[in-house]
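Enquirer: Sharing a structure, written as structure tokens. Questions coming.
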Amino acid sequence: MIPVVVRNVVTEAQGVVRLVLGSVDGSALPAFDAGAHIDIHLPSGLIRQYSLCRLQSDAQYYEIAVLKDPQSRGGSVEVHSLHIGDAVSISAPKNHFPLVTTGRHSVLVAGGIGVTPLLPMAQQLQKTGQSFEFHYCAKTPETAAFSAALKSASFADKMHFHFSQLAGSGRMDVVNVLSRHSNHSELYICGPADFINHVLLQAKMLGWPEDRVHREFFAAPALAENVSDNTAFKVKIHSTGEVFDVEADQSIFEVLDNNGVFLAVSCESGVCGTCQTGVIDGIPDHRDVFLTDKEHAEGKFMMPCCSRSKTPILELDL
């Protein structure tokens, strides 16, 4: 873990604050690429993941922007209570949502606070002279973080704002936008789960190849299933041959942790990809939103924090 200090707190929109996190002694923090996020360990003990929302102009600082969400599990509320001078710990940057280096035109689509990982992408694409366009969807300019700054950014000519509650603007015509680029572009989407799923569905219907559609969820979509629908199964550790029972009300991660098998876990909801584990034998019951549909069908990897098994035994590459 890396100790940092809150150096500045800025209100960026209604319910959104930007935190500038600085190294304790002024030394350089680890470099990162556009799309990266950090884990922040809050004073209460909560651990949350937030995208780094600006490329570093000074190596000793990171910046994150956080929406205060009343439906959250408490992390965003606690972030909003932090003040200048407060000390927290963070992880080194992780990146499961990187820009690909194909040279194709990039279409960036942000929904609300989903703008945060896309901002550094736009900065990077502009810096390297690559072709892109940036669509930002929100209710109003007042609720859209960074909207004023983006209108005067170096890539302002590539910005397209879609404000659903603003006269003369309105919702983005997803089909119109995506249909213009399905044969020769890369698509990057971030925002609320329902927003992402809507864009993904339209992209699929328009024939976008799955390997050119990149997305990052901040939270997993709500599942309609009940824990009573779960069935018990066994998980086998390939390296030792140990077999453990996973009850209907337990996750694979919980069982592994209780039996001393280490597995790095962060979000515990199948969003971040930290716990991705190889599957040796058995059929996973995928409940994550990190892997693609193709990867789900292949069944070579799974997320033990939330996914289960469709077969009596699931052997993992641990």
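The values are calculated or read from the model by the stated rules, or taken from the named source; none is laboratory data. Note that the coordinates shown come from a computational prediction; the quantities given were computed from them, not determined experimentally. We place every Cβ from the backbone using ideal geometry, glycine too, and count neighbours over all the protein chains shown. To get the accessible areas, we keep the full protein, side chains included, count just its heavy atoms, and leave off ligands, DNA and RNA. Shrake-Rupley method; radii C 1.70, N 1.55, O 1.52, S 1.80 Å.
Enquirer: Suppose R0 equals 25 Å. What FRET efficiency, 1/(1 + (r/R0)^6) with r the Cβ-Cβ distance, do ALA156 and MET205 give to the nearest 0.05?
Expert: Working: r = 31 Å, r/R0 = 1.25.
That pair, ALA156 with MET205, gives E of 0.20.
Enquirer: Right, another one. Given the convex hull over the Cα atoms of the range 1-131, what projected area results after averaging over all orientations, in nm²? Don't skip to the answer; put the middle values down first.
Expert: Details: hull surface 32.5 nm².
Average of the hull's projected areas for the range 1-131 equals 8.1 nm².
Enquirer: Give the relative contact order (percent, whole number) for the chain; include only Cα pairs under 8 Å separated by 6+ residues. Don't skip to the end; give the middle numbers.
Expert: Working: 667 pairs, mean separation 42.4, N = 318.
Relative contact order, the chain: 13 percent.
Enquirer: When each pair of different Cα atoms in the range 186-314 is counted once in the 1/r mean, what is the Kirkwood radius in angstroms, to one decimal? Numbers along the way, then the final one.
Expert: Numbers: mean 1/r = 0.0639 Å⁻¹.
Every distinct Cα pair counted, the radius reaches 15.7 Å.
Enquirer: For LYS234, list the lysines whose Cα falls under 30 Å from its own Cα; do not include residues on the same chain fewer than 8 positions away.
Expert: By straight Cα distance, LYS234 reaches LYS294, LYS300, LYS310.
Enquirer: Related question: Hey, got the Cα dimensions of the range 94-201 along the principal axes, in Å, largest first?
Expert: Ordered largest first, the range 94-201 gives principal extents of 37, 31, 29 Å.
Enquirer: Using a 1.4 Å probe over the heavy atoms of the protein chains, calculate the carbon and sulfur portion of the accessible area of the chain as a whole percent.
Expert: On the way: 7540 of 15040 Å².
So the carbon and sulfur contribution to the accessible surface is 50 percent.
Enquirer: Where both partners of a DSSP beta bridge lie in the range 124-251, what percent of those bridges are antiparallel, to the nearest 5? Walk me through the intermediate numbers first.
Expert: Details: 4 of 14 bridges.
Taking every DSSP beta bridge with both residues in the range 124-251, the antiparallel ones total about 30 percent.
Enquirer: Keeping all protein chains in the complex and leaving out DNA, RNA and ligands, what accessible area do you get for THR101 with a 1.4 Å probe, in Å² to the nearest 10?
Expert: Solvent-accessible area, nearest 10 Å²: 140 Å².
Enquirer: Given a 1.4 Å probe, how much area per residue of the chain is accessible, in Å²?
Expert: Details: 15040 Å² over 318 residues.
Per-residue accessible area for the chain comes out at 47 Å².
Enquirer: Kindly provide the trypsin sites (Lys or Arg not before Pro) of the range 117-165 that DSSP labels as loop, not H, G, I, E or B, and whose Cβ sees at most 10 other Cβ atoms within 10 Å. Write out the running numbers ahead of the final one.
Expert: On the way: sites: LYS127, LYS139, LYS151, LYS158; in loops: LYS139.
Sites meeting the loop and neighbour criteria: none at all.
Enquirer: Which trypsin sites (Lys or Arg not before Pro) does the range 283-318 hold that lie in a coil by DSSP with at most 15 other beta carbons within 10 Å?
Expert: Values: sites: ARG287, LYS294, LYS300, ARG308, LYS310; in loops: ARG287, LYS300, LYS310.
The qualifying sites are LYS300, LYS310.
Enquirer: Explain nothing, just the number: relative contact order of the range 254-318, from Cα pairs under 8 Å at least 6 residues apart, as a whole percent. Before the final figure, lay out the partial values.
Expert: Working: 112 pairs, mean separation 24.5, N = 65.
For the range 254-318, the relative contact order is 38 percent.
Enquirer: Scattering from the C-alpha atoms of the chain alone, worked out with Debye: what is log10 I(q)/I(0) at q = 0.06, 0.14 1/Å?
Expert: Rounded to two decimals, the profile gives -0.22, -1.16.
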